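**Q** Let me give you the structure first, and then I'll get to my questions.
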Amino acid sequence: MSPLVSIIVLNYDKRHYTRKCLESVVRSTHRPLEVVLVDNGSTDGSLEEIPAWQRLLTEHDVGMKCHLNETNAGAPAGRNQGMRLAEGEYVAWMDNDVLVRDKDWIDRLRERLDGDPGLGIVSPKLLFPPPDERIEFAGCAVTPRGRVVYVGRGRPQDDPEANVERDVQCLISACVLLPRRAIEAAGEMDEAFFPVQYEDIDYCYRLKSLGFRCRIVPSVSMYHYEHITTDGSTDIKFLQVTTKNGMLFRRRWRHVFETEGGPPDDAYRWEDLERPRLEE
């Protein structure tokens, strides 16, 4: 019998993205499957939609659990709450702006984890949704000064350099799969990275400090709208929290990334690409 997989989805005032995300999740071929939905104090009508989301998942033989916060607890705390509820032997973190592209994504990523006990976290390649379908993310590199680089960003989805399966320095939490053994070893996300940004990079480095490896599997692809969780959220000063949390990450893990052989700091620059958006 296949093992239970839990997908943790955070929602914060983006109900139309969460709706599309869950509509895509039910197309996943893996069963048994459960969704753990954590709502971070939404006031946009998301709570009124939860019964409809529950019906959708139930109709497709997918379980659902919910944790409702009265206020925005932040991404690390929200994922921790979800992990406490999750019962799966494997746990996926999936942002609510991610859409399933490859229906067998869970089993293909799980095969990697089962085939290599040294892996602690794996990620598919992330593409911008149609009609763009360029690469958003094909693994993370970290420069010797702590700058996080998205490999392949903005390139065609079939770019050869971005389509090599390999271990990477870290991954982002938009869509990843972890085995229960890795979560039990590493524990919960550090809520010092409130409300968002770098909590996932920090978690990857913690996994690596325990002897696990991070791996990108670009033969598996998902769609990602990018930055929807924080976009338009007046209570999240994105640049400010990115700077603050980035400094915390660099202080904590400088002794590692300075000697990892990451790309030189001047080799890449962040490309703020035009991103598609869903209409309400």
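**Q** When the residues of segment 201-241 are narrowed to those that are in a helix (DSSP H, G or I) and modelled with pLDDT under 95, which ends up farthest from the chain's Cα centre (by Cα)? Give the steps one after another, and end with the answer.
**A** Residues of segment 201-241 in a helix (DSSP H, G or I): 201-209, 238-241.
From what's left, modelled with pLDDT under 95: 238-241.
Values: PHE238: 18, LEU239: 20, GLN240: 21, VAL241: 18 Å.
Looking at the filtered set, the residue picked out is GLN240.
**Q** Is there any pair linking a residue in segment 69-97 that is under 19 Å from ASP202 (Cβ atoms) to one that is open to solvent by 10 Å² or more (accessible area, probe 1.4 Å) and of a type in the set (Val, Ile, Thr), with Cβ under 8 Å and at least six apart or on different chains, and which?
**A** Within 8 Å, the pairs are GLY74/VAL196; ALA75/VAL196; ALA75/THR229; PRO76/VAL196; MET83/ILE183; VAL91/ILE183; ASP95/THR229.
**Q** Another one. What about ARG254, is it within 24 Å of ARG19 (Cα to Cα) and basic (Lys, Arg)? Spell out how you get there, then give the answer.
**A** Numbers: within 24 Å of ARG19 (Cα to Cα): no; basic (Lys, Arg): yes.
No.
**Q** Among the residues of segment 243-252 satisfying the criterion of being without any contact (Cβ under 8 Å) to a residue 60 or more places away in the chain and under 14 Å from GLU191 (Cα atoms), which is most open to solvent (accessible area, probe 1.4 Å)? First the steps, then the outcome.
**A** Filtering segment 243-252 down to residues without any contact (Cβ under 8 Å) to a residue 60 or more places away in the chain leaves 243-245, 247-248, 251-252.
From the residues that got through so far, the ones that are under 14 Å from GLU191 (Cα atoms) too are 244-245, 248.
Numbers: LYS244: 98, ASN245: 1, LEU248: 34 Å².
Among residues in segment 243-252 that are without any contact (Cβ under 8 Å) to a residue 60 or more places away in the chain and under 14 Å from GLU191 (Cα atoms), the one most open to solvent (accessible area, probe 1.4 Å) is LYS244.
**Q** Considering each residue of segment 118-138, count those that are in a loop (DSSP other than H, G, I, E, B), out of contact with any helix residue (DSSP H, G or I) (no Cβ under 8 Å at 6 or more places or on another chain) and either of a type in the set (A, V, I, L, M) or over 16 Å from GLU165 (Cα atoms) (or both), and give that number.
**A** Within segment 118-138, the subset in a loop (DSSP other than H, G, I, E, B) is 118, 128-134, 138.
So of that shortlist, the ones also out of contact with any helix residue (DSSP H, G or I) (no Cβ under 8 Å at 6 or more places or on another chain) come out as 118, 128-134.
Next, only the ones that are either of a type in the set (A, V, I, L, M) or over 16 Å from GLU165 (Cα atoms) (or both) stay: 128-134.
The number of residues fulfilling the criteria is 7.
**Q** Another question about this same structure. Can you give me the ranges of the helices (runs of 4 or more DSSP H) entirely in segment 1-105 with at least 1 residues that are touching a Gly at 6+ places or on another chain (Cβ under 8 Å) and farther than 24 Å from LEU127 by Cβ?
**A** Values: elements: 15-25, 46-59, 75-85.
Qualifying helices (runs of 4 or more DSSP H): 46-59.
**Q** Just checking, which of ILE183, ILE172 is assigned to a loop (DSSP other than H, G, I, E, B) and either surrounded by 17 or more Cβ atoms within 10 Å (Cβ to Cβ) or over 16 Å from the mean Cα position of the chain (by Cα) (or both)?
**A** Numbers: ILE183 fails: assigned to a loop (DSSP other than H, G, I, E, B).
Step by step, each of ILE183, ILE172 is checked, and only ILE172 is assigned to a loop (DSSP other than H, G, I, E, B) and either surrounded by 17 or more Cβ atoms within 10 Å (Cβ to Cβ) or over 16 Å from the mean Cα position of the chain (by Cα) (or both).
**Q** Give me the residue from segment 114-135 that is within 21 Å of ASP104 (Cβ to Cβ) and acidic (Asp, Glu) and, out of that set, surrounded by the most Cβ atoms within 10 Å (Cβ to Cβ).
**A** The first filter runs over segment 114-135 and keeps only residues within 21 Å of ASP104 (Cβ to Cβ), leaving 114-116, 119, 121-127, 129-130, 133, 135.
Pick out the ones that are also acidic (Asp, Glu) and you get 114, 116, 133.
Values: ASP114: 13, ASP116: 13, GLU133: 16.
For segment 114-135, the residue satisfying everything is GLU133.
**Q** Test PRO3 against the stated conditions and say whether it is touching a residue at least 24 places away in the same chain (Cβ under 8 Å) and at negative phi. Explain how you work it out, then say what you get.
**A** Working: touching a residue at least 24 places away in the same chain (Cβ under 8 Å): yes; at negative phi: yes.
So PRO3 fits the description; yes.
The values are calculated or read from the model by the stated rules, or taken from the named source; none is laboratory data. Because the structure is a prediction, the values reported are computed rather than measured. Here the Cβ is made from the backbone with ideal geometry for all residues, glycine too, and neighbour counts use every protein chain on show. What goes into the accessible areas is simple: the full protein's heavy atoms, side chains included, and nothing from ligands, DNA or RNA. Shrake-Rupley method; radii C 1.70, N 1.55, O 1.52, S 1.80 Å.
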